[in-house]
1. Determine how large the accessible area of D94 is when every protein chain is in place; take a 1.4 Å probe and give Å² rounded to the nearest 10.
2. Skipping prolines and chain starts, which residues have an amide H placed within reach, meaning under 5 Å, of the one on G46, given they are 5 or more residues away or on another chain?
3. If the cut-off is a Cα-Cα distance under 21 Å, which lysines reach K318, setting aside same-chain residues fewer than 8 apart in sequence?
4. Please give the per residue accessible area of region 188-231, computed with a probe of 1.4 Å over protein heavy atoms only, in Å².
5. Anything over 21 Å Cα to Cα? Flag those among K157/K380; K70/K133; K160/K376; K367/K412; K67/K420; K367/K387, in the order listed.
6. Which of G208, A220, V247 sits closest to the plus end of the dipole of region 208-261, meaning its Cα is farthest towards the positive end, when Lys and Arg get +1 and Asp and Glu get -1 on the C-beta?
7. Across region 332-341, in residue order, what do the Karplus-derived ³J(HN,Hα) couplings come to in whole Hz, using 6.51 cos²θ - 1.76 cosθ + 1.60 with θ = phi - 60° and x for Gly and Pro?
8. Could you tally the net charge around A184, taking each other residue with its Cβ under 11 Å from the Cβ of A184, Lys/Arg +1 and Asp/Glu -1?
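The values are calculated or read from the model by the stated rules, or taken from the named source; none is laboratory data. All values reported here derive from a predicted model rather than from experimental measurement. Because the Cβ atoms are built from the backbone with ideal geometry, glycine has one as well, and the counts that use them run over all protein chains shown. Keep in mind that these areas ignore ligands, DNA and RNA; they rest on the heavy atoms of the full protein, side chains included. Shrake-Rupley method; radii C 1.70, N 1.55, O 1.52, S 1.80 Å.
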Amino acid sequence: MKIQFTETVLRDAQQSLIATRMPYEEFEPILKTLDSAGYYSLECWGGATFDSCLRYLNEDPWERLRKIKKACPNTKLQMLLRGQNLLGYKHYPDDVVRMFVRKSVENGIDIIRIFDALNDFRNIKTAVDETLKCGAIASGTLCYTTSPVHTLDSFVKSAKELENMGVQTICVKDMAGIMSPKEAYELIKAIKESVSLPVILHTHSTTGLGFMTLLKAVEAGADVIDTAISSFSGGTAQPATETMNYVLKQYGYETGLDEKKLIEINTFFKAYRDKCLKSGLLNPVVMATATDALNYQIPGGMLSNLVAQLTAQNKLDKLDEVLAETPRVRKDLGYPPLVTPMSQMVGVQATANVLFGKYKNISKEVKSYIKGEYGKAPGKIDDELMKKVLGDEKPFTGRFADTLAPMFEKTKKELGDKAKSDEDVLSYIAFPALAEKFFDERELRKSRTFTYSFKEIKEG
Ligand code: CO
């Protein structure tokens with residue numbers, strides 16, 4: 001029996017624990033060891049890493065990827081991609097999606113895990129198609145959630161749909177850490193019985209279910225699990241790599257992991273974790289178990305957002321009402337999975353309903369969701385709410401990206417000299433203000449280096 005591991009310390013684990021603030025220089029010394037530890041893949045790019053590189057770390061995300069690739073030639077590098085939204089929150093036209101995928105693969109990515117917040121696969125098909133064309137591995141993703149319309153049958157049907165799209169693996173993504181061991185066992189078993197692809201489980205330790213959930217998923221036939229090296233595991237991050245390796249080996253699984261290397265990796269990150277604790281970048285609370293998500297059926301991150309929102313308006317006494325309103329709003333919207341951007345939309349709307357009256361204020365985003373611009377809702381959107389937003393208008397039922405004009409070449413022309421490469425153009429399209437600031441600072445750095453060296457020559 002074989003089970004493989006994806007190590008998340010370079011992406012999801014550090015995103016979940018320290019808001020993706022780990023600079024390249026911090027983890028560079030351990031890359032060679034990570035490359036030789038026997039992982040199925042290293043998740044190291046996509047998600048918030050791109051944004052964080054430009055916004056906080058003054059790093060070129062593409063250059064980071066190339067450097068990781070150079071140091072890790074033997075292990076597959078993996079990224080997370082939000083389908084037609086790429087790494088942002090809005091839909092991009094197909095030419096941009098294709099170029100982004102192509103450049104990701106060219107710069108070093110081997111596996112692209114592609115998801116859509118609503119599991120509307122029209123929003124991932126372009127990214128999947130281009131990934132396959134580039135010869136990389138497309139991992140089709142099911143966002144896990146619980147609701148009356150999300151059943152074993154509906155998930156199996158979606159898994160088959162992904163298989164028919166030509167993806168090479170299927171990932172079940174439990175972004176909120178709410179999947180129980182029982183649910184994992186039943187779901188993974190059902191998917192394995194109906195599709196012939198490797199199945200991967202991604203979960204978080206937030207609610208304390210993680211280890212049990214992964215173990216039952218492996219018993220049900222999961223082929224790959226996502227874990228984080230122990231010093232960056234637990235809480236809002238993934239269950240620990242070493243612990244799962246220990247348990248699964250006792251059960252007779254071949255994991256392929258080199259335990260000596262794992263110790264080395266953990267010792268390395270433990271020192272960095274201590275540094276993060278000292279500076280306050282790592283708040284110990286996020287490493288603890290929080291069962292609120294089980295009580296309220298909303299992800300932990302969303303709960304802390306609601307608390308922050310209400311605190312800012314001096315209305316924290318309304319928290320219980322907002323928590324009761326949240327599932328009602330979710331039902332009215334047809335049970336979207338509570339993942340970005342839907343978790344924010346549902347949370348803001350529930351708060352508005354409590355503070356200003358039921359649907360007195362409807363956000364722009366919720367309106368476009370109801371109009372069908374984000375994709376198809378999993379369930380039925382409440383009739384009255386539909387009428388309120390749409391009036392006599394018909395909802396949009398097409399694929400939103402089909403309404404968008406190509407923009408890569410046009411943007412490239414507009415940027416002119418500012419962009420030094422197609423990668424720069426993509427950074428700009430994804431985060432215009434951040435990229436522009438980054439380009440300017442890069443120029444400044446260059447001219448400074450030039451002045452210094454010129455001076456040296458003169459004086460020397
Ligand atoms: Co995650």
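1. 50 Å²
2. Excluding prolines and chain starts, which carry no amide H, the hits are L80.
3. Filter leaves K331, K358, K360.
4. Per residue, region 188-231 has 27 Å² of solvent-accessible surface.
5. K70/K133; K367/K412
6. Projecting each Cα onto the dipole axis, the largest value belongs to G208.
7. Ordered by residue, 3J(HN,Hα) equals 4, 8, x, 6, x, x, 8, 10, 3, x Hz.
8. Its environment carries a net charge of -1.
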